[in-house]
1. Note down the nm distance, to one decimal, between modelled labels 7 Å out along Cα→Cβ at N54 and at Q365.
2. Between F412 and R329, what FRET efficiency comes out of the Förster formula 1/(1 + (r/R0)^6) with R0 = 45 Å and r the beta carbon distance, rounded to 0.05?
3. Mind checking which of N33, P370, V303 is farthest towards the positive end of the chain's charge dipole, using Cβ charges of +1 (Lys, Arg) and -1 (Asp, Glu) about the Cα centre?
4. Cα-Cα over 23 Å: which of K169/K288; K160/K323; K218/K323; K50/K128?
5. Using 0.36 nm per residue, how much length does the chain from T253 to S400 gain when fully extended, once their Cα-Cα distance is taken away?
6. I need to check one value: relative contact order of the chain, counting alpha carbon pairs closer than 8 Å and at least 6 residues apart, in percent.
7. Can you pull the one-decimal nm distance between simple spin-label points at T12 and K428, each 7 Å off the Cα toward Cβ?
8. Mind pulling the angle between the C-alpha long axis of helix 103-118 and the longest principal axis of the chain? Nearest 10 degrees, somewhere in 0 to 90.
Amino acid sequence: MEANNIESLHLTINGKRLWNQLMDLGKIGEEDNGGVTRTSLDQKDIEARKWFLNLLEQADLSPYMDAAGNIFGQIIGKNPELPAVLIGSHLDTVNSGGCFDGAMGVLMGVEVLCTLKEKGIQPERTIKVVSLTDEEGARFDYAFVGSTALVGTEGADKLKENLAAATDKEGISYLEVMRQASLEGEYFNQINPDRLELAQVREKDVKAYIEVHIEQGKVLENEDLAVGIVTGISGGEWAEVTITGEAGHAGTTWMNERKDALTAAAECILEIEKIAQDSSGSVATVGKLEVKPGSSNVIPGRVDFTLDVRDIDNERRENTIAKIYDSIRAIAADRGLRCEIRPVQSLASVMSSPSVMKAVKDSLQEIPYPVYELPSGAAHDAMVLGELTDIGMIFIRSKSGISHHPDEWSSFEDVALGCEVLYRTTLKLL
Ligand code: HGY
Ligand code: MN
Ligand code: MN
C-alpha cells in the first residue's frame, strides 16, 4: 500500500488540519534560509508556546504548564485514577533546524485528542499531549530538561544545580532564563525552577508514553516506506573538554617551545574519530570548538570542545567513552598540556515496550500498511521517559534523511498516515 494513495486509506484523523498547524507553527522562528530557530525559552520559543497554548484552548483540551515549563493538553478519562497515556515530543529546535523535528510529534498528539473529542469518545483512562521543555539543548548545551524534570531523574535539586551552571552564549544561566519566563503571564507563572519536584509524575500515574518523530535517517526512504516502528533508542554521553596550553607570539615562538592547545585538540579529535570507527557500533562527534584567544597571530592557549558519543549497546558505549577519555588525557600529557573533561549528561539506551510496539504493529496491519522495525540513532524524550514508563516511538520517513537542517522534510501523505497509526495505537492503549 502506497502512502501517497492517501485518499484510498479512509483515514480517521484530519490530515489537512494537522498539516496546516504544522506549517503555521513552522513560521514561528523561520529564517530567510527556510530554517527554524526556537531554542529554549528564547523569544521565538515563548511565541511558539503561546501559539500552542492557544491551540489547546481552542480545542478545549484544558491546557496547563508545569514547574519545568512542560505544556499539557488533556481529555480526562471516565476513570481518572487509571494511569494516563501520554503522547508527546518537543517544540524547541536546534539553530536553523527544520519544522518537523519535535513539533510534528506534539501536533499529532493534539490531532489524536481532537479526533477522539469529535468522535465523542471519552476514554476510560486520561489521555494527555505534552510538549516537553528543551529536548535539543541548543541554547545551553543542556538537553532533555522537561523530560528529566517529569521523570525526576537525578532529583530536583541536582537538576536545579545543573540549570544554574548551564549558560547561553550571552552568559545568562538557564535558571535565570526560567525565572524570567515565569513572568510571561498566565500558564507561564507555573514555571518554578526552585520547585522542579512539582513537575515530577509518579510511575503509577502513567501507563505509556508514545512519541512520533521524523526518522532523521534514510532507512525508511530506502525501504520505500512511510512509517516504521522504533525498536529502541541509542544512549548517549555528552561532555565538555578543555585543553589548556600557553598562548604566545606566532612569529617568535619556535615550534619546539610551543604548548599549542589547538594542535593538541586536533590530535584528540582525530583520535576520537578513530576510536569510534574501530568500535564497530559507536558514533562520536565533536560539534563545537572554541579557540582562545582566537587571533591569527597568537598560538592558541585554550580550546574548549564538546563531545557526543552514542551507541545502542550501553557496554560498548561505555568502553568507547573510557577509551576516548584516556586518549585525551594521554595526548595532553604527552604534549605537556592540561586537560579537563566534564561529563554533562549521560543517558542509557532504552528499548521500546513490546506491548506498545504490538499496538503499533496491529494498527499498521489494520490499515493495512507494511510493518517495518528500526532502531533510533538520534536521542529523544522517549529515552528519558523510558525510566518512568513503557515507551514506544513511530518514525516517519524523512526526505533524503536530512534533519537538523532547513531542508528537513516529510510529505503530507506520510505525516497523515503516521498520525493515523498513532491514533489507532492510542485507542489500543486507552
Ligand atoms: O541529539 C539528538 O539526537 C536529538 O535530536 N536531540
Ligand atoms: Mn532534534
Ligand atoms: Mn526531536
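The values are calculated or read from the model by the stated rules, or taken from the named source; none is laboratory data. Note that the structure is predicted; figures quoted are calculated from it, not measured. Cβ sites come from the backbone with ideal geometry, for glycine too, and all protein chains shown count toward neighbours. These area figures cover heavy atoms from the full protein model, side chains too; ligands, DNA and RNA do not enter into them. Shrake-Rupley method; radii C 1.70, N 1.55, O 1.52, S 1.80 Å.
1. Rounded to a tenth, the inter-label distance reads 4.5 nm.
2. Calculated transfer efficiency: 0.30.
3. My answer, from the dipole projection, is P370.
4. Details: K169/K288 13 Å; K160/K323 31 Å; K218/K323 30 Å; K50/K128 18 Å.
Those over the limit are K160/K323; K218/K323.
5. Extra length available between T253 and S400 comes to 48.1 nm.
6. Details: 967 pairs, mean separation 96.2, N = 430.
Once normalised by length, the contact order is 22 percent.
7. Taking the two extended label points, one gets 1.2 nm.
8. The two axes meet at around 10 degrees.
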